[in-house]
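The values are calculated or read from the model by the stated rules, or taken from the named source; none is laboratory data. Treat the numbers as computed from the prediction; the structure is a model and nothing was measured. As a convention, Cβ positions derive from the backbone with ideal geometry for all residues, glycine included, and neighbour counts pool all protein chains shown. For the accessible areas, the whole protein counts, side chains as well, though only heavy atoms, and no ligand, DNA or RNA atoms are used. Shrake-Rupley method; radii C 1.70, N 1.55, O 1.52, S 1.80 Å.
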Amino acid sequence: MTAATPVPEGTRTRLTFPAGGEAVPAVWLRPEVPAPGQPAALLLHGFSSRGDVMADTVGRALLRRGVASLSPDLPLHGTRGDPLELQALRNPLELARLWRLALREAGAGVEFLQGEAGQVGVVGYSLGSFLSVVLASQRREVGAVVLAAGGDLPGGTPLTAVARTVADPLRAAHKLGGRPLLMLNGRHDPVIRPEQAERLYAAASGPKELRWWEGGHAVPSGAVDEGAEWLAGQLGVGK
């Protein structure tokens with residue numbers, strides 16, 4: 001763990017947390033004067049990104065609202081290697097292993113937050129949104145979910161059929177079991193297309209809300225603030 005660095009409304013610390021023998025690097029943001037039982041969120045980044053990006057966008061927006069956050073580097077990302085290695089992989093078994101590793105580490109992130117905070121939410125962007133909805137379906141400790149540029153797997157490809165046997169976003173969304181879900185999506189996203197977002201939204205058990213921004217895959221700052229405001233309210237801030 002590095003020393004905490006002051007940032008507006010709180011502190012920023014680089015640390016590692018344990019996950020099945022791995023030491024997972026992450027950014028830990030917390031309010032300057034942490035309150036007992038403060039809410040916190042696990043932030044899961046997209047493909048080729050890193051935890052710092054989520055911390056410095058979503059994490060800062062949450063911090064302004066009194067919510068702590070943990071932003072890990074996923075396997076082969078950030079300080080843990082080159083995400084382009086994923087593109088070179090041709091072995092479905094290795095891809096499935098990496099998926100399960102990422103999911104196990106995300107679960108350990110939830111456990112870390114439970115030891116440091118009160119209510120826990122999860123925010124996922126793109127690749128991280130797939131992880132987030134499956135994680136929430138398996139971990140009842142997750143009280144609310146925000147998916148940015150998230151949706152169902154693309155339809156009609158052999159790879160999708162194989163991937164769905166390992167992780168099915170539709171089945172996961174159906175198993176949220178009354179925990180609130182907010183989806184934020186671009187109407188012109190070429191990566192996670194609107195129909196993929198709509199399929200996932202239809203499968204979710206509710207309560208749920210789908211909001212659109214006029215743009216592509218990158219999340220605009222206004223949508224980041226919308227998601228942070230919504231999650232802070234779901235986790236009890238201001239109540």
Task: Single residue of region 51-71 satisfying the filter (within 12 Å of Arg30 (Cα to Cα) and part of a helix (DSSP H, G or I)) that is most open to solvent (accessible area, probe 1.4 Å) - done: Arg60
- [ ] Quick one: count up the residues across region 182-194 that are surrounded by 17 or more Cβ atoms within 10 Å (Cβ to Cβ), aliphatic (A, V, I, L, M) and touching a residue at least 40 places away in the same chain (Cβ under 8 Å).
- [x] 3
Task: Boolean, Ser126 is modelled with pLDDT of 90 or more, of a type in the set (S, T, N, Q) and touching a His at 6+ places or on another chain (Cβ under 8 Å) - done: yes
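Which one of Ala232, Ala197, Ala204 is open to solvent by less than 60 Å² (accessible area, probe 1.4 Å), within 25 Å of Gln38 (Cα to Cα) and either under 17 Å from the mean Cα position of the chain (by Cα) or among the polar types (S, T, N, Q) (or both)?
None of the other options fit; the residue is Ala232.
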Task: Filter result (β-branched (Val, Ile, Thr), touching a residue at least 60 places away in the same chain (Cβ under 8 Å) and over 19 Å from Val53 (Cβ atoms)) within region 103-141 - done: Val110, Val120, Val133
TODO: Give the residue, chosen from Gly150, Gly156, Gly227, that is out of contact with any His (no Cβ under 6 Å at 6 or more places or on another chain) and at positive phi.
DONE: Gly156
Task: Boolean, Leu210 is under 17 Å from Thr57 (Cβ atoms), in contact with a helix residue (DSSP H, G or I) (Cβ under 7 Å, 6 or more places away or on another chain) and not in a loop (DSSP other than H, G, I, E, B) - done: no
Open item on the list: Looking at (1) of a type outside the set (Val, Ile, Thr); (2) assigned to a helix (DSSP H, G or I); (3) in contact with a Ser or Thr (Cβ under 7 Å, 6 or more places away or on another chain), which one does Arg199 not meet, given that it meets all the others?
Closed with: (3)
Task: Positions within region 29-59 being touching a residue at least 60 places away in the same chain (Cβ under 8 Å), hydrophobic (A, V, I, L, M, F, W, C) and in contact with a strand residue (DSSP E or B) (Cβ under 6 Å, 6 or more places away or on another chain), in sequence order - done: Ala40, Ala41, Leu42, Leu43, Leu44, Met54, Val58
Task: When residues of region 31-45 are limited to those that are surrounded by 24 or more Cβ atoms within 10 Å (Cβ to Cβ) and in a strand (DSSP E or B), the one farthest from the chain's Cα centre (by Cα) - done: Ala40
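In region 102-176, which helices (runs of 4 or more DSSP H) lie fully inside it and hold 2 or more residues that are surrounded by 17 or more Cβ atoms within 10 Å (Cβ to Cβ)?
127-138, 169-174
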